[in-house]
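Quick note: the coordinates plus some simple rules give every number you see, no bench work behind them. Just so it is clear, the structure is predicted and the values come from calculations on it, not from any experiment. Cβ placement follows ideal geometry from the backbone for every residue including glycine, while neighbour counts extend to all protein chains displayed.
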């Protein structure tokens, strides 16, 4: 009995060998290496199947590129700061640092057991002072460049996590706004907070998406929607009287509104501002009803207040008609959308219509359906506001004109209306009222204001953890109380820490030079090694991490630290691993541990189950398929080494196998380049199946069969590295397979796809004839190749790609060659037959007469082996010339 492949017995040895030989370590003098990166894991305690799938993808591709001769940068690190670690430590009566480092040790062991080929010399951990020092340093550089602001803002507050959340960290679910971490309903609070002004880059971030051709369109569309670019106009409405609040720096005498449909301005019947608008704040200072309403909206949130609102005692002047419009403070108007103010056009906007009905406001309709040439549109609008295009009425000099034409005219005709572009994107709120994060390097001095900590005093390190509710840093007197770096007087250290997404917004740069003590990264190396060639992670990070790294890269470029402005060339968004139709989750109790089925089987299964971007179902039967493939390959190699019975003379079927090995190499190479690992597995299975059949048919040719097995070992090694190494070693491959050259075809299989289809179709046709004719034991099978001149017909037709085919012209071209051709009507019949086949599925790039005949000669053993008959390949004669066609031989069975 051949030996059984036991992954557990070999993995420790090969991991030792790889580590001994430093096969994954990239030298610092590498020139433009292929940078392959998986989104580094949050230190949650253990790996889950999503981690395994992500890192199996990057590891397979990194190994493949290394075998192709590339220098490969494939590092790993730990996203170690953040609220979940702090909460987990609190629940365990531990401290975040101890808990996090224990998680890192456990997760690294699991990654090593799985055999992932990382350059561990570049490992980084974001909670180490050596790393977060540079978070603080970069914060200072962004502050000096005007990209950091400290201001009062209405923020999202999670009462359970006791910290603020960025907009992207608030989930919308069943009309509720909940914390993305703990599902607690989010409140609104007024706090002084730190922001990165990502809005400065809104236009560039939006426009740059068009150039990210290597990113999934779904991720790009998510970012487009989040950035929310809108073209329209800014319209100035003067107030009937200036308004001054208690803390106002001046009187407010006008309100700017943004509208994507300025042509509906004649339908405006009121003005509404958000509760956070400067005008609302100023009015609240003198009107208790407005103050109460503003407070209600702040506590409950705009989604809970619906179309509520309160009328003010000021009016706005319509810039075109001079009419006085009532001004409302309305909860449905959002402070961070447009200018935080809207002109209410209830006849042509759904939300304005709802507010108007709620407050008994006039509804004017100034757009009717139709065109300038067809003005008899529906003017009743009984079903609510009309929001489409049309023609104007009740709009003064613009009556009768189409809405699209009026937009530009209004901007040209009126100073109060100016073209404008707005973005939904808001500045990145980085303040977190928690302990386990990077301390913000600022002190607050009563005399000097906000003062940055000097570079030479970085890092500002976290003090010892204090167990308390709320922010532990607020309770740490020795940390909080300090002296001002400018005046030397007493000062209070900033106790907010940075959002953990700051850590990951530039970590890919630190991998380039993880031990550099003079700067966060080697700028020269960054300019040479970036962008990341392949980045793998989930698309749930599209509006968080993936947007932040694009912002940070641009900001670093603008302050002169790097040249590149886009961090990632190709993004692969891996799908979800499902169990019983649901995402694997500890809370659902449906998690399969990564090592439960063995490291190699798990890796091979998650790669071969589906395209990386598709979800797939974890089933024991399918896992068994990955296990069986390993055993089959191992058994084949073992049997060959232990009991080889081979020959040295080459025959037709040996040439077929040699050619099929070449065809497999080309196909697998294409699939690795396209990240279609599931098709790689299929190709490997098919070649293995063919080699087993070849071995059973006849004593194999030693060189051909050995090459086939070595090719299988090399092709599978990026996906199942321990198995690949073991097979390569048994077969006496040179060196280690991880360092071997990627297999090259010995011949040029330029038409390998056409060759495969020819053999497959021929076998299917023989099966169909045997089945339909009910032939139990065929004695002789003839494969009849079409005459040579018909291949000239097929070649000419593949050149006729545009419009209708000129059949007489094709006949003329074929008849004019030196080939012996039959009468023109026979040629025309063949042309018609081939055109009919093309209409049903196209004509393959045709093989030549000699190539097709040679291929069928070499492949006839497959027919003989399947049917136990003598198989002959010959050229068509006489009446057979009208039956055989290029790519479809005639078949005769006796």
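A few remarks follow.
- Potential extension, residue 23-residue 397 segment - 0.36 nm per residue separation minus Cα distance: 127.0 nm
- When the helices of the chain are scored as -39500 (n - 2.57) per DSSP H run of n ≥ 4 and the total is divided over every residue, the value at 222 nm lands at -12500 deg cm²/dmol.
- Two-site FRET efficiency, residue 210 against residue 639, from Cβ-Cβ distance with R₀ of 56 Å, rounded to 0.05: 0.50
- Residue 596 versus residue 486: modelled label distance in nm, points set 7 Å from Cα along the beta carbon direction: 5.9 nm
- Available extension along the chain between residue 238 and residue 753 is 178.3 nm, counting 0.36 nm per residue and deducting the alpha carbon span.
- Taking max minus min of the alpha-carbon positions on each principal axis, the range 230-422 gives extents of 55, 35, 28 Å, largest first.
- Spatial separation of Cα centroids for the range 537-551 and the range 317-333, in angstrom: 39 Å
- Prolate/oblate/rounded label for the range 457-607 (Cα gyration tensor, a/c 1.5): oblate
- Distance from the alpha carbon centroid of the range 134-158 to that of the range 733-812 works out to 64 angstrom.
- Evaluated at q = 0.16, 0.17 Å⁻¹: base-10 log I(q)/I(0), Debye formula over Cα of the range 599-739: -0.83, -0.92
- Gain upon complete extension [residue 358, residue 457; 0.36 nm per residue less C-alpha separation]: 29.8 nm
- Take the Cα of residue 292, step 7 Å toward its Cβ, do the same at residue 805, and the gap between the two points is 8.4 nm.
- Normalising the average separation of contacting C-alpha pairs (under 8 angstrom, six or more residues apart) by the number of residues puts the relative contact order of the range 684-837 at 12 percent.
- Two-site FRET efficiency, residue 336 against residue 217, from Cβ-Cβ distance with R₀ of 30 Å, rounded to 0.05: 0.65
- C-alpha long axis of helix 217-227 to longest principal axis of the chain, angle in °: 10 degrees
- Beta bridges by DSSP in the chain, antiparallel share as percent, to the nearest 5: 70 percent
- Hydrodynamic radius of the range 196-320 by the Kirkwood approach over all distinct alpha-carbon pairs: 17.5 Å.
- If you sort the three axes of the alpha carbon gyration tensor as a ≥ b ≥ c, you get a/c of 1.5 or more for the range 63-220 and a/b no higher than b/c, which makes it oblate.
- Within the range 475-493, backbone nitrogen closer than 17 Å to the virtual label 7 Å beyond the Cα of residue 447 toward Cβ: 482-493
- At an R0 of 56 angstrom, the distance between the Cβ atoms of residue 692 and residue 828 translates into a FRET efficiency of 0.75.
- DSSP beta bridges in the range 753-893 [antiparallel fraction, %, rounded to 5]: 45 percent
- Global geometry of the range 13-55, whether rounded, prolate or oblate, following the gyration tensor of its Cα atoms and the 1.5 cut on a/c: oblate
- Our note on the geometry: Cα centres of the range 641-699 and the range 413-464, 60 Å apart.
- Burial order of peptide ranges 124-135, 633-644 (average beta-carbon count within 10 Å, highest first): 124-135, 633-644
- The chain: angle of helix 702-716 to the longest principal axis, Cα-based, in degrees nearest 10: 10 degrees
- Given [x] 1.34; [y] 1.54; [z] 1.22, the label whose value is Cα Rg over 2.2 N^0.38 Å derived from this model: [z]
- C-alpha long axis of helix 752-772 to longest principal axis of the chain, angle in °: 60 degrees
- Evaluated at q = 0.09, 0.17 Å⁻¹: base-10 log I(q)/I(0), Debye formula over Cα of the range 753-893: -0.28, -0.93
- Put a dot 7 Å past the Cα of residue 389, heading toward its Cβ, do the same for residue 183, and the two dots end up 4.6 nm apart.
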